[in-house]
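The values are calculated or read from the model by the stated rules, or taken from the named source; none is laboratory data. Note that the structure is predicted; figures quoted are calculated from it, not measured. Cβ placement follows ideal geometry from the backbone for every residue including glycine, while neighbour counts extend to all protein chains displayed. In case anyone asks, the SASA skips ligands and DNA or RNA and just uses the protein heavy atoms, side chains included. Shrake-Rupley method; radii C 1.70, N 1.55, O 1.52, S 1.80 Å.
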Amino acid sequence: MAYSVPHLKDFSPAALDRAVGELLSALDQESGQVGDAAQRKAFRDRWLARKDGILTQINELWLKAAPREAKRDVGQRVNKLKAEVEAKVEAALAAPVREAAAALDISLPGLRRSIGAEHPIVRTMNEILAVFRNLGYSVAEGPVIEADYYNFEALNFPPEHPARDTQDTLFIANQASKPPRERLLLRTHTSPVQIRTMEKMRPPLRIVIPGKVHRRDAPDASHSPMFHQVEGLAVDTNITFGDLKGTLDHAMKALFGSDVKTSFRPSFFPFTEPSAEMFVSCFICGGSGKRGADICRPCKQTGWIEILGCGIVDPNVFEFVKHNGYDPEKISGFAFGMGVDRMAMLRYGVDDLQLFFQGDVRFLEQFG
Ligand code: DAH
């Protein structure tokens, strides 16, 4: 029930105290409920309006009605009360508009949070991993900040070996006081995780290793100082180059379509012997090197696209993990490493690598 000013009959101090208390608690309660501008005006008028506001009624119903002997006491109380009511009303009106009323409108549409999309590079990486998971491979990972030993030495790049020059390494500063093999760098490939995994797990082994790698390269449409690789390693008794070719040929057909052909060309990596680069027939032009009257840019008219490096694990690599069951006299293995970013560019027809790393939602949303 809304408060209304009572006609006072009892003007004893106790009765006055009670009447004042009731009025103030009604005011407090109403102060907490003022919302929009219309409510504020009504609230102010109800309490302070000269004509028939609550303060005016108090004058009539309390002060004027008081018997002579109580006038002085009632007058003092009413004056004090008026000041208090005015202050409280002004304070309530000065409070910021409460949002609660609006927030409680359950008929308004909810706030929609966009759920985002898998980044095209992550998606490509996951698709590659899935192909190998289906072949019984497990997934291994390792640190991006890596020791020289794992990135180079245990992969058969001896200190000062010129093959290190091909890797454009970014080194962590202030490492000179450490022994060379402990010095830290940003890994230039995912191959160090081959060694890390063989240290932990005995053969036979079948792993794929996704991850970020870094090389000192200026960013442009096809280069980035940070990019992604998926590495693979299979170790068992009697693994041959035939196993390598069969596995990778299957994987490429699973990724790019059963029509693609693979081609292996001799190459060099310190950690594999023999080594190869593997190409797939261009899945953009079908291997013709042409697109209608135009040339096919992705394969540079060759009809072939380089996808990865691979080879038979060099026995020198196994020497570093021989203590964990990798005796090169008894076991053998193959390995491969592929660049994910260029593969994602080809698959999604993206012609500028930098678009992947700029975090522009308008670009990324297209892959949702
Ligand atoms: N790590 C090499 C690179 O980044 C790629 C590679 C080649 C990985 C041959 C391998 C491999 O595992 O056997 O250039």
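Would you check if residue 241 is open to solvent by 30 Å² or more (accessible area, probe 1.4 Å), farther than 22 Å from residue 133 by Cα and not hydroxyl-bearing (Ser, Thr, Tyr)? When the stated conditions are applied, residue 241 does not pass them. Scanning region 166-194 for residues that are modelled with pLDDT under 95, in a helix (DSSP H, G or I) and away from the ligand (no atom under 13 Å from the Cβ) turns up 180, 181. Restricting region 129-162 to residues that are outside any loop (DSSP other than H, G, I, E, B) and small (Gly, Ala, Ser), the residue that is most open to solvent (accessible area, probe 1.4 Å) is 138. The number of residues in region 202-238 being within 11 Å of the ligand (Cβ to nearest atom) and open to solvent by 30 Å² or more (accessible area, probe 1.4 Å) comes to 2. Does at least one position in region 211-232 carry a residue that is among the basic types (Lys, Arg), at negative phi and not in a loop (DSSP other than H, G, I, E, B)? Yes, because at least one residue in region 211-232 is among the basic types (Lys, Arg), at negative phi and not in a loop (DSSP other than H, G, I, E, B). One residue stands out in region 300-338 among those that are closer than 16 Å to residue 263 by Cβ and surrounded by 20 or more Cβ atoms within 10 Å (Cβ to Cβ): the one that is nearest to the ligand (Cβ to nearest atom), namely 309. Scanning for something within 16 Å of the ligand (Cβ to nearest atom), assigned to a strand (DSSP E or B), in contact with a strand residue (DSSP E or B) (Cβ under 7 Å, 6 or more places away or on another chain) and among the polar types (S, T, N, Q), does region 277-299 turn up at least one residue? No - not one qualifying residue is present in region 277-299. Checking residue 126 against (1) in a helix (DSSP H, G or I); (2) open to solvent by less than 70 Å² (accessible area, probe 1.4 Å); (3) at pLDDT below 95, which single condition isn't satisfied? In the conditions (1) in a helix (DSSP H, G or I); (2) open to solvent by less than 70 Å² (accessible area, probe 1.4 Å); (3) at pLDDT below 95, residue 126 misses (3) alone. A single member of 42, 38, 91, 49 is among the aliphatic types (A, V, I, L, M), open to solvent by 50 Å² or more (accessible area, probe 1.4 Å), in contact with a Ser or Thr (Cβ under 8 Å, 6 or more places away or on another chain) and under 22 Å from residue 2 (Cα atoms), and it is 91.
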